[in-house]
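Below: one structure, written as structure tokens.
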Amino acid sequence: VCMVVGNLGSVAEQAGDYDRARAALTDSLALAEQLGYRWWIGWCLDNLGRVAAAIGEEARAARLIGAAAALRPATGQPVRAGLQRVQDELIISIRTTLGADAAARAFAVGAAMTLDEAIADALAVGASPEASLAASPLTPRERAVLELVVKGWSNAEIAAALFIGAGTVKTHVA
């Protein structure tokens, strides 16, 4: 679910639907954090950096890209070849907008962030809470399951709380 929702966010970002992209990518980031998927957290940080740049938050974009770059050696996940060109173009755009020195400082700040700080910065990208809920690619039931997963609840606890079967919970989490 984590990767599917993230990929939906990436598609929305590429289509220019930044509210929907932010909602999906932050949902994916929350799940990745809960599941300990550090390599996917980096992917989400990069993608949320693109959303931040697209909505005029270039300094935040630079921080997120810097944080993702710093995380890569620990995860062993490089930027995929096809995305490297997109990332390079984005970095040039950020440097043009912020200026070389300010961009370098923002990238360095991002690279020095703890993982928790980077995630908090990523979750603060753009849209109002109402807009991100409306744009979410998740159904209300999937969102309810996600919220309880993020809180650390077991599948059995979620099933009992939401009056659904454990198998249904497992399907939503998968």
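The values are calculated or read from the model by the stated rules, or taken from the named source; none is laboratory data. All values reported here derive from a predicted model rather than from experimental measurement. All Cβ positions, even for glycine, are placed from backbone atoms using ideal geometry, and neighbour counts span all protein chains on display. When the accessible area is computed, the model is the full protein with side chains, heavy atoms only, and any ligands, DNA or RNA have been set aside. Shrake-Rupley method; radii C 1.70, N 1.55, O 1.52, S 1.80 Å.
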Could you tell me which of the residues Ile65, Ile41, Ile91 is over 30 Å from Lys151 (Cα atoms) and β-branched (Val, Ile, Thr)? Ile91
If you go through the stretch 100-120 one residue at a time, do you hit one that is open to solvent by 40 Å² or more (accessible area, probe 1.4 Å) and modelled with pLDDT under 80? no
For the stretch 100-110, check the following and say yes or no: at least one residue is touching a residue at least 24 places away in the same chain (Cβ under 8 Å), of a type outside the set (A, V, I, L, M, F, W, C) and outside any loop (DSSP other than H, G, I, E, B). yes
By my count, helices (runs of 4 or more DSSP H) wholly in the stretch 9-98 with at least 3 residues that are open to solvent by less than 50 Å² (accessible area, probe 1.4 Å) and in contact (Cβ under 8 Å) with a residue 60 or more places away in the chain are 18-35, 38-54
Within the stretch 145-161, the residues that are over 21 Å from Val5 (Cα atoms) and open to solvent by less than 30 Å² (accessible area, probe 1.4 Å) are Ala159
